[in-house]
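The values are calculated or read from the model by the stated rules, or taken from the named source; none is laboratory data. Remember, it's a predicted structure, so these values are computed and weren't measured experimentally. Note: ideal-geometry Cβ built from the backbone for every residue, glycine included; neighbour counts use all protein chains shown. Ligands, DNA and RNA are excluded from the accessible area calculation, which covers all protein heavy atoms including side chains. Shrake-Rupley method; radii C 1.70, N 1.55, O 1.52, S 1.80 Å.
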Amino acid sequence: MKVFNAFIVLLLVAATTRAQSNKPKVNAEFGKALNAAGMTFMVPKGSIPAAIVKNQVASYQYAVKYPSRSLEIRYLVMPKAGVGVSVQPKPVTKNGQPAPTDDPFDTFCYNLAIKITGGTKDPKMQIGGFDPKAAKKEFNADKGTYWMIPINNNNFGTPYKFCNMVALRKDNGAYAFIFYLSNSLQEIVKAFNEVGPYNIYYTLKYK
């Protein structure tokens, strides 16, 4: 729990400098998805391209890794995932007040997280949401959530045992997912601290 709290604090700390990079050289599929979703991307500082691994969870478009660290980052951009899908309110409660709404984005993220963890819900999985102002400031997203996911089998095509999934949504229907793969949250937090959050965490965002 201490490490989880440290991760949250890390996200709230303002970095003094932003990541700087020339226009990245990415594969055509990822570049096309970025353009269609209206997103920008900077290669995380110090990383190198990683092979795309076919798996049972998600056909992501791009990935990088750190040869000197136990860390791989995968990117999935879905330009039209939520186009035409609206949030449907539940019936009002007995006291006449509106009930919580069903957000298709949250449902999609939950189902994706379940697939990553191995097909069934793991009680150790943790979910958090970005403050709307922070999601807009850091990612120019209309909504953002993050998921701490233990990996219990090879469904995601990785030997790593832990995934920090960042999920982003734009009201135009574009979804984006960043998967930070390592063996523990501690290793991910260490990398973020040493590389710098703006050099590794905030490299994919909406225009």
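Restricting the first member to segment 11-38 and to residues that are within 26 Å of Gly128 (Cα to Cα) and modelled with pLDDT of 50 or more, and the second to residues that are of a type in the set (Val, Ile, Thr) and open to solvent by 20 Å² or more (accessible area, probe 1.4 Å), the beta-carbon pairs closer than 9 Å and six or more apart or on different chains are Leu34/Val26; Leu34/Thr40.
Yes or no, residue by residue, for (1) of a type in the set (Val, Ile, Thr); (2) part of a helix (DSSP H, G or I):
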site	(1), (2)
Tyr146	no, no
Thr158	yes, no
Cys163	no, no
Val166	yes, no
Gly173	no, no
Phe177	no, no
Tyr180	no, no
Ile188	yes, yes
Asn193	no, yes
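Residues that are more than 17 Å from Asp142 (Cβ to Cβ), open to solvent by 50 Å² or more (accessible area, probe 1.4 Å) and at pLDDT 90 or above within segment 93-118 comprise Tyr110, Asn111, Lys115, listed in sequence order. Screening Leu181, Leu168, Leu204 for residues that are more than 17 Å from Pro44 (Cα to Cα) and in contact with a strand residue (DSSP E or B) (Cβ under 6 Å, 6 or more places away or on another chain) leaves exactly one candidate, Leu168.
Residues in segment 156-189 that are of a type outside the set (Asp, Glu) and surrounded by fewer than 17 Cβ atoms within 10 Å (Cβ to Cβ): Gly157, Pro159, Lys161, Asn172, Gly173, Asn183, Ser184, Gln186.
Just one of the numbered conditions (1) crowded, with 18+ Cβ neighbours inside 10 Å; (2) in contact with a strand residue (DSSP E or B) (Cβ under 8 Å, 6 or more places away or on another chain); (3) assigned to a loop (DSSP other than H, G, I, E, B) is not true of Ser59: (1).
Taken over segment 62-81, the criterion of being touching a residue at least 12 places away in the same chain (Cβ under 8 Å), farther than 24 Å from Ile114 by Cα and open to solvent by 50 Å² or more (accessible area, probe 1.4 Å) is satisfied by Pro67, Arg69.
The residue of segment 193-205 that is nearest to the chain's Cα centre (by Cα), among those that are surrounded by fewer than 22 Cβ atoms within 10 Å (Cβ to Cβ) and over 16 Å from Asn140 (Cβ atoms), is Pro197.
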